[in-house]
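The values are calculated or read from the model by the stated rules, or taken from the named source; none is laboratory data. Values in this document were obtained by computation on a predicted structure and should not be read as measured data. Cβ: placed from backbone, ideal geometry, glycine included. Neighbour counts: every protein chain shown. Just so you know, the surface numbers come from the protein's heavy atoms only, side chains and all, with ligands and any DNA or RNA stripped out. Shrake-Rupley method; radii C 1.70, N 1.55, O 1.52, S 1.80 Å.
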Amino acid sequence: MTIAGRTPTSSGFYVSEEVPIHAENPVPTPSSPAPDILRCAYMELVVTDLAASREFYVDVLGLTVTEEDDEAIYLRTIEEFIHHNLVLRKGPVAAVAAFSYRVRTPEDLDKAVAFYTELGCRVQRREDGFVKGIGDSVRVEDPLGFPYEFFHAVEHVERLAWRYDLHSPGAIMRLDHFNQVTPDVPKAVRHYQDLGFRVTEDIQDSDGVVYAAWMRRKPTVHDTATTGGDGPRMHHVAFATHEKHNILAICDKLGALRRSDAIERGPGRHGVSNAFYLYLRDPDGHRVEIYTQDYYTGDPDNPVITWDVHDNQRRDWWGNPVVPSWYTEASPVLDLDGNPQPVVARTDASEMAVTIGADGFSYTRKDDTEEMPEYKQGEYKLGYQL
Ligand SMILES: [Fe+2]
């Protein structure tokens with residue numbers, strides 16, 4: 001199996017120069033320049049039981065409460081100096097209300113309005129912000145159906161990095177990235193390239209089907225990723241720890257609290273991104289990743305890494321299986337009126353179908369002539385235990 005036009009490496013993946021991805025049905029490229037996005041900044045999550053969510057995010061994961069009332073809780077990570085990285089808002093349906101990005105200057109909000117207006121998207125702007133702690137903001141229903149927000153003005157709060165007396169063994173340092181489920185990955189990637197994102201990694205097959213892609217503004221592997229599936233939906237929001245042992249400490253704590261059922265997948269080492277990971281599910285089922293130690297991507301000629309979808313180490317470097325729920329379940333996203341966006345089915349091949357179960361196959365060593373042992377076939381060994 002080879003991926004055309006890309007250079008194989010001794011690690012098993014392929015590298016190439018970044019080029020605009022080919023999409024069969026692209027979103028038009030606006031003539032208006034894109035806003036200059038700095039980084040993913042916060043997610044607004046709608047939760048059905050604010051007390052249960054507070055217990056999970058504050059008491060178990062240790063996020064810091066900046067501000068709270070009966071309707072919403074504003075949380076931040078230890079190294080953060082802006083008001084929040086996560087808003088938990090009480091509501092009837094568990095969903096995502098905003099994927100929010102910070103932009104470089106106040107004028108970038110004018111650019112955001114022009115960029116999305118030209119695309120015919122619904123756009124709202126509020127000078128005093130949509131949530132506490134944030135100033136002038138633009139919210140849009142983007143061409144893929146995701147609720148995107150852009151802001152620059154923000155209330156500063158104390159950065160608690162030096163307050164080691166407050167750090168837990170599983171201390172969460174930063175918001176790292178979002179992950180969005182969308183049916184047409186090349187269409188999404190092409191649009192986010194227009195918005196100024198750079199591609200760092202993707203998963204493809206030899207026919208050129210793209211199953212997932214990772215894109216960044218800040219110089220890490222990603223600020224957001226697109227996972228192929230029925231969408232628009234939110235796959236996960238990811239927070240970073242300093243080191244691997246912090247992630248193990250979170251697992252130990254969940255075990256001690258008899259809450260191991262919050263662990264969906266991992267801990268493990270990703271192939272994609274090279275990061276150490278753990279996937280949790282919050283009380284509403286929103287997926288949260290704890291993530292650490294990916295690599296620097298800030299040079300303009302940073303090589304794009306492409307993984308073969310059949311490489312059994314792409315999603316877990318140790319070859320551990322991906323549980324089926326990780327492929328199939330995700331959170332609804334809301335339109336600007338607060339209603340869940342309709343979900344469109346993916347028509348391209350499904351990563352789960354081509355790698356798991358009777359129809360799927362994967363390899364550990366590409367050139368092996370021996371068949372993979374039965375217990376490893378289809379990456380499904382743990383799935384049978386669910
Ligand atoms: Fe992730």
Practice task
Answer yes or no as to whether GLY170 is in contact (Cβ under 8 Å) with a residue 60 or more places away in the chain and under 22 Å from GLU24 (Cβ atoms).
Solution key: no
Problem - In segment 183-229, residue farthest from the ligand (Cβ to nearest atom) [restricted to those that are in contact with an Asp or Glu (Cβ under 8 Å, 6 or more places away or on another chain) and basic (Lys, Arg)] - result: LYS187
Handout entry: LEU75 vs. criteria within 20 Å of the chain's Cα centre (by Cα), closer than 21 Å to HIS222 by Cα and open to solvent by less than 10 Å² (accessible area, probe 1.4 Å)
Key = no
Completion exercise
In segment 149-182, residues that are assigned to a loop (DSSP other than H, G, I, E, B) and within 16 Å of the ligand (Cβ to nearest atom) total 2
Exercise for the section: Determine, yes or no, whether VAL113 is open to solvent by 20 Å² or more (accessible area, probe 1.4 Å) and under 28 Å from VAL46 (Cβ atoms). Expected result: yes
Exercise for the section: Name, by its number, the condition in (1) touching a Phe, Trp or Tyr at 6+ places or on another chain (Cβ under 8 Å); (2) open to solvent by less than 10 Å² (accessible area, probe 1.4 Å) that does not hold for ALA349. Expected result: (2)
Completion exercise
Pairing a residue in segment 322-348 that is under 15 Å from ILE263 (Cα atoms) with any residue that is open to solvent by 70 Å² or more (accessible area, probe 1.4 Å), where Cβ atoms lie under 7 Å and the two sit 6 or more apart in sequence or on different chains, gives VAL323/LEU382; VAL323/LEU386
Handout entry: Given (1) surrounded by 19 or more Cβ atoms within 10 Å (Cβ to Cβ); (2) in a helix (DSSP H, G or I); (3) not aromatic (Phe, Trp, Tyr), number of the condition ASP59 does not satisfy
Key = (1)
Handout entry: Search result, residues across segment 116-135 that are surrounded by 17 or more Cβ atoms within 10 Å (Cβ to Cβ) and in contact with a Leu (Cβ under 6 Å, 6 or more places away or on another chain)
Key = none
Completion exercise
In segment 267-290, residues that are in contact (Cβ under 8 Å) with a residue 24 or more places away in the chain, under 17 Å from PRO321 (Cβ atoms) and away from the ligand (no atom under 11 Å from the Cβ) total 3
Exercise for the section: Could you identify the single residue in ARG190, ARG258, ARG198 that is more than 20 Å from ARG315 (Cβ to Cβ), surrounded by fewer than 24 Cβ atoms within 10 Å (Cβ to Cβ) and in contact with a Pro (Cβ under 7 Å, 6 or more places away or on another chain)? Expected result: ARG190
